[in-house]
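The values are calculated or read from the model by the stated rules, or taken from the named source; none is laboratory data. Note that this is a predicted model, so its numbers are computed, not measured. Glycine also receives a Cβ, built like all others from the backbone with ideal geometry; neighbour counts cover every protein chain displayed. SASA here: full protein model, heavy atoms, side chains in, ligands and nucleic acids out. Shrake-Rupley method; radii C 1.70, N 1.55, O 1.52, S 1.80 Å.
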Amino acid sequence: MPQASIDMTDSHRTMQVVNHVRTLLEQGALQPGDKIPPEREFARKLKISRASLRTGIGYLAAMGVMKIKHGVGTFVSDGPPELGKTTLSLMGALHGFQSWQMFEARIILETNLAALAAERGKEEHQVAMAEEVAEMFASLESPGEYLIHDVIFHRIIAQASGNPILAAIMESVTSSMYDKRRKTVERATDLRESAEMHREIYRAIRARKPQEARKLMEKHLQMAKTAQGMERPIEGKSEKTS
């Protein structure tokens, strides 16, 4: 019961940030490409801690609304914000989705998306993937930030598949995956190996090798399943990861 209370508070603070950013976008106070206000100023305006703000901004970045540039700052993404979608998180909470079930779904979905991306992906997708791989290597010492670039990388592959239905399904999976993983990512011990795997997947997609991309994605997800099975949430830190 105490853990549920912590998660509920965490979710409330995240949505507080999301709703505030949504309002700023709707009012035109924030435009695509704009850099968001300094963390201290933004947190004071929302009357929340900087740790809670980072959690909310991390969520927005993982959902594609914000773009974090390592060592530069956080900017509003150029693409249309996806702030109104219901994720699998609620269904997971209601029906008790298990981690192995999520990975089973991801393996079926993402291995095929990787193959399609290798066949149909455009240069713009390849450039975006390369940027996220570079950001992953740049953020190896910051697991919360690394996770955001990891999630975005998988989203780009879904978009590169050229199938908007599969990309929409992947968007829901991505949201749920991020919500769960950000509570444990600080315990990750395999980030460099993970970054290397993402780079291999990117190279296979860029080289137009669908079967290789499919195999590498399955290998990556199987490795991630094993590694994440050893992670556990850090006591009392659910609101402090980004």
Hits in the stretch 114-144 - residues which are open to solvent by 50 Å² or more (accessible area, probe 1.4 Å), acidic (Asp, Glu) and within 14 Å of His198 (Cα to Cα): Glu131
Matching residues in the stretch 14-72 - criterion: being part of a loop (DSSP other than H, G, I, E, B), open to solvent by less than 60 Å² (accessible area, probe 1.4 Å) and among the polar types (S, T, N, Q): Ser49
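Look at the stretch 180-211 and say how many of its residues are open to solvent by 60 Å² or more (accessible area, probe 1.4 Å) and free of Cβ contacts under 8 Å to residues at least 60 places away in the same chain. Spell out how you get there, then give the answer.
Taking the stretch 180-211 as the starting set, the residues that turn out to be open to solvent by 60 Å² or more (accessible area, probe 1.4 Å) are 180, 186-187, 189, 192-193, 196, 199-200, 203, 206, 208-209, 211.
Those left that are additionally free of Cβ contacts under 8 Å to residues at least 60 places away in the same chain: 186-187, 189, 192-193, 196, 200, 203.
Counting residues in the stretch 180-211 that are open to solvent by 60 Å² or more (accessible area, probe 1.4 Å) and free of Cβ contacts under 8 Å to residues at least 60 places away in the same chain gives 8.
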Residue pairs meeting the criteria (Cβ under 6 Å; at least 6 apart or on separate chains; first under 17 Å from Lys69 (Cα atoms) and modelled with pLDDT of 85 or more, in the stretch 25-37; second small (Gly, Ala, Ser) and open to solvent by less than 80 Å² (accessible area, probe 1.4 Å)): Lys35/Gly73
